[in-house]
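Please treat every number below as a calculation from the coordinates, not as lab data. Source: prediction; values computed, not measured. Don't worry about glycine lacking a Cβ; one is built from the backbone with ideal geometry, like all the others, and counts go over all protein chains shown.
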C-alpha cells in the first residue's frame, strides 16, 4: 500500500512540475493547465483517502 502511495506522490509532484513549466511559457494553453490541475487534485484526493 505504501509503495502505491509513493507512486501517487511522485505522479503528483511530476504534474506540479509540468504545470509550472507550462505556465512559464508565453503561449500557455489554459485548457491543458486546467486538465493537469484536475489530474493533480484527483491524485491528491486519492492520496488523502488512502492515508486516512
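What is the Cα radius of gyration of the chain over 2.2 N^0.38 Å, N being its residue count?
1.26
Which value at 222 nm does the chain reach when only helices count, each DSSP H run of 4 or more adding -39,500 (n - 2.57), with the total divided by all residues and rounded to the nearest 500 deg cm²/dmol?
-30500 deg cm²/dmol
Taking the Cα-to-Cβ direction at residue 31 and at residue 5 and moving 7 Å from each Cα, how far apart do the two end points lie in nm?
3.7 nm
Where does helix 2-24 land angle-wise versus the long Cα axis of the chain, in degrees 0 to 90, nearest 10?
10 degrees
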